[in-house]
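The values are calculated or read from the model by the stated rules, or taken from the named source; none is laboratory data. None of these values were measured; they are calculated from a predicted model. Virtual Cβ from ideal backbone geometry, glycine too; neighbours counted across all protein chains shown. Protein only, heavy atoms only, side chains kept; ligands, DNA and RNA dropped before computing areas. Shrake-Rupley method; radii C 1.70, N 1.55, O 1.52, S 1.80 Å.
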Amino acid sequence: MGMSFPNAEGNIDLIDLKVEMLSNPEGIDVQHPKLSWKISSSEKGTYQEAYQILVASSPELLSPGKADFWNSGKINSDANVNVKYQGGELDSDTKCYWKVKIWTNHGESEWSEVSYWSVGLLYYKDWKGRWIGFDRAFPWEEVSTFPTLGARCFRNEFGVKKEVKSATAYIIGLGLYELRINGQKVGDAVLAPSPTDYTENVKYNAYDVTNLIDSNRDNAVGVVLGNGRYFTMRQNYKPYKIKNFGFPKLLFHLVIRYADGSKEIIYSSDKWKGTADGPIRNNNEYDGEFYDANKEFPGWDQIGFDDGSWLQAEYVQEPRGDFEAQMNENMKVMQDVNPVTISKIENDRYILDMGQNMVGWVQMTVEGNKGDTVKLRFAESLEEDGELFMTNLRDAKVTDTYILKGADKETWAPKFTYHGFRYVEVSGFPGEPELSDFVGKMVYDDIETVGHFETSDKTINQIYQNAWWGIAGNYKGMPVDCPQRNERQPWLGDRAVGAHGENYVFDNSRLYKKWLEDIRLSQKADGSIPDVAPAYWRYYSDNMTWPGTYLMIAKMLFDHTGDSCVVKQHYPAMKKWLGYMADRYMDDEYILTKDSYGDWVVPPPSIEAGTGQNADVKRPSELISTAYYYHFMEMMSQFAGIIGKEDDVSAYQALKQKVGAAFQKKFYHEEGYYGENKMTDNLLPLAFGMVKEEDRQKVFDHIVETIEVKNNGHLSSGLIGTQWLMRTLTDFGRADLALKLASNRTYPSWGYMIENGATTIWELWHGNVAKATMNSQNHTMLLGDLLVWYYECLAGIKPGKDSPGFKTLLLAPEFVEGLDYVNASYESPYGVIGSYWRRKGKKIFWEVIVPVNTTAKVALPTSASKKIMMDGEALETGEMNVVLGSGKYEFVF
């Protein structure tokens, strides 16, 4: 197994020039965005000494004497990530072109290729259009618990009498939209825009549509509006719990700039025409999409279409939320999945097996008579008799319906729904369906996979693949808990430590910055934070673990990106929440008395004990809530230090000491364990540094005894404990025991899921036998800190403690017995970090790669032989820590 390193040919080659915007609500709306660039070099130990940035209104002006927005001049600095634009104020609807050159210790680069960023509509008054829609149901529609509301279509024609230089379309289509110009879809996004609490903020998207606008002729724009989260999936159902926002609506603003310097704006108004009587008769995230091809109106998004039967668009009330540019990626069809089998089960019913639990939809090609009706019904698994297993989906109908128009061949896929599934029941298909008639479309946020991880252990590798499919599928403009049943909510507790591990796999920083803003905006005036954000479900249950994810993701983003704005922006809300919890729930002894869930979904002691049992059991724990308050005091003191609030640092440290003393007094037993001596009871104080030095080994020994003796080599932690399990074992010298837990294939374990057919991660350790009301087969919450352990312990890739964002990094793998090799890489903000070690006989060969403009502290094992070779030369005896600049290195010991 060889390691794949970046191309290092040539001296200095600027690669992947890109703009890293600030967190929302600034984003594309900000006057001073942050710029980043990456450097590759064939020379070891390359670091940047200076840079020069040019920013201009056109590529032609990008020269030192002409740059009209900013010429930084030569700046002596090693910064190439999060470099703030320091030029003049920028206007709305402005495109900014830029390039950079650098000076390094090995010479000067050429100018980079040109890149650009766009400034959106900075002010509310920049939007010239008005909101249009139909704020009512039509006779063929029904607003009920299970609503049937079709898509709304709107169109407009406009004349262009000059040569077009550029055109930018701005759109807010709620709940979901598809934008079309002159018969073509704009962009490749699906299920756009990202969902929010629309009473707080709404996202707009911007598109460069220059190539779609025809000069000197008439043009047409069309928009299809789906329901999304705006028109809630369950109407008039538990209104005390579930928010509803209204009927779909549209705001559109198209800026056309002409070659003669003039500009024109095309915008939504009551001059547009609209209809709800189109082919999409119903669309719903839970229940699927109903499409009648006989209701199509060909050419509706082109000029010359007869819209005489359409209605005048109506002005409607705008949503309450502020307009914001969407800086996280939209969803997209990211890959095709071909089904592996199709089996007839009865008459015209067939079961399609995709071979993989996936998220998205199925595209179908069918030929038949007008009026033939095909239904596609989705599920994650099958009953013993081969029928779909539907019980765990609750009341989600998960059915797509297509009525044929009788064309030769008809190819169709839905626009405004998605499903979590492996199996599809096909009914009503004319003739004998074949595998080639169907293709799965995997849909998630358009983010790059930036991590690679592989070992000699097949179970560990399959768990990693299962995790990839589960994490990706649950990225839906926010991280949701599951993609299949009538829930699909952004539960905070599911992603606390999980987001840390995910960031080694996916370039998800923009998604999680957006989610932090969702959490901040969900905070009540009194300081409380919900368990679900955006708060589509009003769950303000008050506990430390679920809302505390807010702090943990902020820390992950700072550590992994180096952007202190994340901390600065959210610090006031985090401080307010912690004050709220202390005021309401901290007793006179400094114990935090309120918890809601405890160690959620602890595995039953055996499969037999868990068979048929309901897992939705809350076990509140003052030990957990108090330990987390202590942990958050330490985190807040770090945050306060980052943003220069020294008085707060002292206050948090003082309160932390009081909470720690109270915790020790109430929960510690002289026998060397905490609480009830459960795994999580002992894990948390060890992981959070709450245990006295003289007691640490005793407490850890109880954890080992629980795993090895009581559990016969297995874990017994739920959602909370598993977030700290693997790293704590490793930190105390038992990476071997962590490896056993990671590679087990008996209950309870991640491998047990695989042994029972899982291709994603289950919601429950005993998900194959639990009561069906709560046993999603595609959750990520039980990953805990497993992915963190993969990258930071087995591969040994960590950000350095002395600077965030991987400007410095630590390479310190656990060369654990039982693995023959570990091969990992991670695309950091500075470039690829690589770690590949393999065992040959008694020797270990370890290759590492360090990105340009960073340094790495390489920790060599103290147990290694006296002779350690680096690139063929012996290191001095006892040299266990080596500091390296950029490049590729090999160690042998």
query: Of all residues in the range 523-542, how many are open to solvent by less than 10 Å² (accessible area, probe 1.4 Å), touching a residue at least 40 places away in the same chain (Cβ under 8 Å) and out of contact with any Lys or Arg (no Cβ under 6 Å at 6 or more places or on another chain)?
result: 7
- request: May I ask you to say which residue of Gly87, Gly107 is more than 27 Å from Ser509 (Cα to Cα) and either touching a strand residue (DSSP E or B) at 6+ places or on another chain (Cβ under 8 Å) or of a type in the set (Ser, Thr, Tyr) (or both)?
  value: Gly107
query: All but one of (1) loosely packed, with under 15 Cβ neighbours inside 10 Å; (2) at negative phi hold for Tyr230; which doesn't?
result: (1)
- prompt: Could you list, in sequence order, the residues of the range 786-815 that are under 21 Å from Gln723 (Cα atoms), assigned to a loop (DSSP other than H, G, I, E, B) and open to solvent by less than 10 Å² (accessible area, probe 1.4 Å)?
  reply: Ala795, Gly796
- prompt: Which residues, counting only those in the range 270-310, are open to solvent by less than 20 Å² (accessible area, probe 1.4 Å), more than 23 Å from Phe252 (Cα to Cα) and outside any loop (DSSP other than H, G, I, E, B)?
  reply: Asn284, Gly288, Glu289, Ala293
task: Would you check which residues across the range 415-428 are in contact with a Gly (Cβ under 8 Å, 6 or more places away or on another chain), outside any strand (DSSP E or B) and open to solvent by less than 30 Å² (accessible area, probe 1.4 Å) and list them?
output: Phe416, Thr417, Tyr418
task: Check whether at least one residue in the range 472-491 is over 20 Å from Trp546 (Cβ atoms), part of a strand (DSSP E or B), open to solvent by less than 10 Å² (accessible area, probe 1.4 Å) and in contact (Cβ under 8 Å) with a residue 40 or more places away in the chain, and report yes or no.
output: no
task: Within the range 559-569, identify whether any single residue is free of Cβ contacts under 8 Å to residues at least 60 places away in the same chain, of a type outside the set (Asp, Glu) and in a helix (DSSP H, G or I), and answer yes or no.
output: no
Exclusive hit being within 21 Å of Asn614 (Cβ to Cβ) and basic (Lys, Arg), set Lys740, Lys771, Lys798: Lys771
query: Got a number for residues in the range 43-75 being open to solvent by 20 Å² or more (accessible area, probe 1.4 Å), farther than 30 Å from Ala856 by Cβ and outside any loop (DSSP other than H, G, I, E, B)?
result: 5
query: When you look at Tyr423, is it within 30 Å of Val366 (Cα to Cα), touching a Ser or Thr at 6+ places or on another chain (Cβ under 9 Å) and of a type in the set (Phe, Trp, Tyr), yes or no?
result: yes
- prompt: In the range 317-367, which residue that is more than 33 Å from the chain's Cα centre (by Cα) and open to solvent by 20 Å² or more (accessible area, probe 1.4 Å) is farthest from Asn778 (Cα to Cα)?
  reply: Glu367
- line: Here the residues within the range 656-680 that are buried (at least 17 other Cβ atoms within 10 Å of the Cβ), free of Cβ contacts under 8 Å to residues at least 40 places away in the same chain and at negative phi are Lys656, Gly660, Tyr668, Tyr673
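Kindly check whether there is at least one residue in the range 589-611 that is among the small types (Gly, Ala, Ser) and open to solvent by 20 Å² or more (accessible area, probe 1.4 Å).
The answer is yes, given that some residue of the range 589-611 is among the small types (Gly, Ala, Ser) and open to solvent by 20 Å² or more (accessible area, probe 1.4 Å).
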